[in-house]
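Working notes, structure below.
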Amino acid sequence: MILLPSLAKATLIISAAAAVLALHRRSSAAFRHLICAVAIGGLLVLPILSAALPAWEVSGLGRADHLRQGYGGQEALSRRSREAKADGHDDLSGPAEAGHYDSFGPADARYYVLPWVLIAVYLAGVLLLVTRLVVDHFNIQRTARHATSLNDAGWQALFHECADAIGVRRGVQLLRSMDRATPMAIGIRHPAIVVPALADTWSEEMRRAVLLHELAHIARHDCLSQTAATVACALYWVHPGSWWLANRLRIERELACDDRVLSAGTNAHDYAGHLLEVAYTLRSHLTPALAVGMAAPGQIETRMLALLDAARNRTMPTRFARHTAIAVAAVLLLPIAAATVARAQTADNSAAAQADSTQAVGSEWARRFLSVDFWRQAAAEGLSRLADQANYLAEMRQLGYSVTNPDVLFKLRQRGVTPDFIRSLSAEGLSDLSSDDLLKVVDHGITPEYIRDLRGLGYPGLDLPVLIRMSSHGIDGDFIRDTRTFGYRWSIDELVQACSHGIDADFVLALSSLGYEHLTLEELIWLRSHGVTPMRIRTANQRAERHLDVNELTTLASHGWKP
């Protein structure tokens, strides 16, 4: 089957891209997007190069005779049939020939059919995804036709200002759509930016953020790379690596556009606020596969962290870097595309043997993949998962959690909330929790062991808000035990104050070693809030040639440590 070599070559390309991305984790998003785009381009030209380039053979699989054993007497039958025809006989005769003919039964015929069934399934998947691509294309064209040009003077002035800031020189249309509720960039040859009618109510700063982001997509030709990724997923839909690569392309694309917006002088915190507003206001509206929007809710957290990371690499690849990446990819792609597998064959009738070997490989793979045992095991695993989910829903219903919204329960289960976990919390005094409360418990790392440890330290009967408050400040049993070694038995409010000011056992120990023992919590907070560190205390005491008290130390700190 020709599909298997193609998928093997695609695996090499995707693996190489994944390795480069892993090695360049700290590189800019624009560079990582370039790697993904080059890899997707390689996947698209791979079939063309494989057909056009002269083949070079990769040997090492040995003789193919053992691969043909699954056909029973098929090879012998074919050989004897050819010999009989060469001798002038139209049919086979004799007990040996009859025995070979009988050995070629329905099971062997099924192995001929299965590869073609797989090819039909593959082509059906390609047709389905290509149909979706065509439908998206027509939907985008319809959106552009029904949209109206946004000729408002304020919009146009801001649009041209943003285009100059991003560096877009070619003509771009600015459209207002009554159909679409999310801003997006469309078009490869004739780009346009579509904003919803709701955009008229946006502030000027929010308009600026949206226009800068969409113009960044156009400057980077993201509609072209997105279309290429969609086509690659259609051609290689059976390969999970193609979907992973397309997803990485989308993630790095949005991060790269955000970096470009910040490079244009936009404040990171303001832009993050506008991004959140767009994401959560328009989160129920989807963007067509061939268009690029501004805010996909699934990527918001990653983009927020990247925007607020001042040390993040936001450089854009130079033209030389882009050309170098394409050249290196071409050098690696050409031998992969031209490679074919050679098997050692006997000298006589090698062409027929090679054809039989190729059929045997496909049939053997199909036999394993479509065997009754394979699907029986898959069905058993599927039924087991369904039964497990049904048991989970039944137990949760017994605990008082309604199954009218199974999505909520499945979300709880994904976060590790099991009936046993709920019972354990109830045994520790944390009962009658709603689904949202359970999610808060998991998010803050509150476990039955955590509650039990606090109760053993003298903090019984804690409700959920108090537990969340303590956990959010990093208060656990170890912290309490460490502070008690110095004689402190603080209340919950005092523990929160201590953690809020960075007071821990190491700080208290360092002060004790300098002779500052048995300080009150207020004195510890006073020292911390004035930036008094053990090193500064040691230096100040040496200069004063005496042991300064807390008030003297804080006074020195207030005056910049000048006597």
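The values are calculated or read from the model by the stated rules, or taken from the named source; none is laboratory data. Here the structure is a predicted model, which is why all the values come from computation and not from measurement. Neighbour counts run over all protein chains shown; Cβ positions are idealised from the backbone, glycine included.
Summary table below
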| quantity | calculated |
| --- | --- |
| Enumeration of residues in the range 491-507 that are outside any helix (DSSP H, G or I), on the phi < 0 side of the Ramachandran plot and surrounded by fewer than 17 Cβ atoms within 10 Å (Cβ to Cβ) | Ser491, His501, Asp504 |
| Checklist (1) touching a helix residue (DSSP H, G or I) at 6+ places or on another chain (Cβ under 7 Å); (2) over 30 Å from Pro465 (Cβ atoms) applied to Met535, failing item | (1) |
| Subset of the range 181-220 (residues that are assigned to a loop (DSSP other than H, G, I, E, B), closer than 18 Å to Thr143 by Cα and touching a helix residue (DSSP H, G or I) at 6+ places or on another chain (Cβ under 9 Å)) | Ala181, Thr182, Pro183, Gly187, Ile188, His190, Pro191 |
| Matching residues, the range 171-225, being touching a Phe, Trp or Tyr at 6+ places or on another chain (Cβ under 8 Å), among the aliphatic types (A, V, I, L, M) and farther than 24 Å from His33 by Cα | Leu174 |
| Gly474, sole failed condition from (1) closer than 24 Å to Ala505 by Cα; (2) in contact with a Phe, Trp or Tyr (Cβ under 8 Å, 6 or more places away or on another chain); (3) among the small types (Gly, Ala, Ser) | (2) |
| Whichever residue in the range 443-454 is modelled with pLDDT of 90 or more and part of a helix (DSSP H, G or I) and, among such residues, is nearest to Leu399 (Cα to Cα) | Pro448 |
| The range 162-180, residues that are in contact (Cβ under 8 Å) with a residue 40 or more places away in the chain and in a helix (DSSP H, G or I) | Cys162, Ala163, Ala165, Ile166 |
| Tabulated pairs, the range 238-264, first under 12 Å from Phe31 (Cα atoms), second charged (D, E, K, R) and part of a helix (DSSP H, G or I), C-beta under 6 angstrom, 6+ apart or interchain | Glu252/Arg32; Arg253/Asp222 |
| Residue under evaluation Thr483, criteria (1) over 20 Å from Ser512 (Cβ atoms); (2) surrounded by 16 or more Cβ atoms within 10 Å (Cβ to Cβ), criterion not met | (1) |
| Contacts under 7 angstrom Cβ, first residue in the range 410-433 being not assigned by TED's automatic domain parsing to the domain that holds Leu462, partner basic (Lys, Arg) and surrounded by 14 or more Cβ atoms within 10 Å (Cβ to Cβ), 6 or more apart | none |
| So Trp237, is it at pLDDT 90 or above, not in a helix (DSSP H, G or I) and not β-branched (Val, Ile, Thr) | yes |
| Residues of the range 115-152 classified as of a type in the set (Val, Ile, Thr) and either loosely packed, with under 14 Cβ neighbours inside 10 Å or not in a helix (DSSP H, G or I) (or both), total | 6 |
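Every residue, every condition in (1) within 30 Å of Asp476 (Cα to Cα); (2) within 26 Å of the chain's Cα centre (by Cα), yes or no:
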{"site": "Asp388", "(1), (2)": "no, no"}
{"site": "Gln398", "(1), (2)": "no, no"}
{"site": "Tyr401", "(1), (2)": "yes, no"}
{"site": "Arg413", "(1), (2)": "yes, yes"}
{"site": "Gly429", "(1), (2)": "yes, no"}
{"site": "Ser435", "(1), (2)": "yes, no"}
{"site": "Pro448", "(1), (2)": "yes, no"}
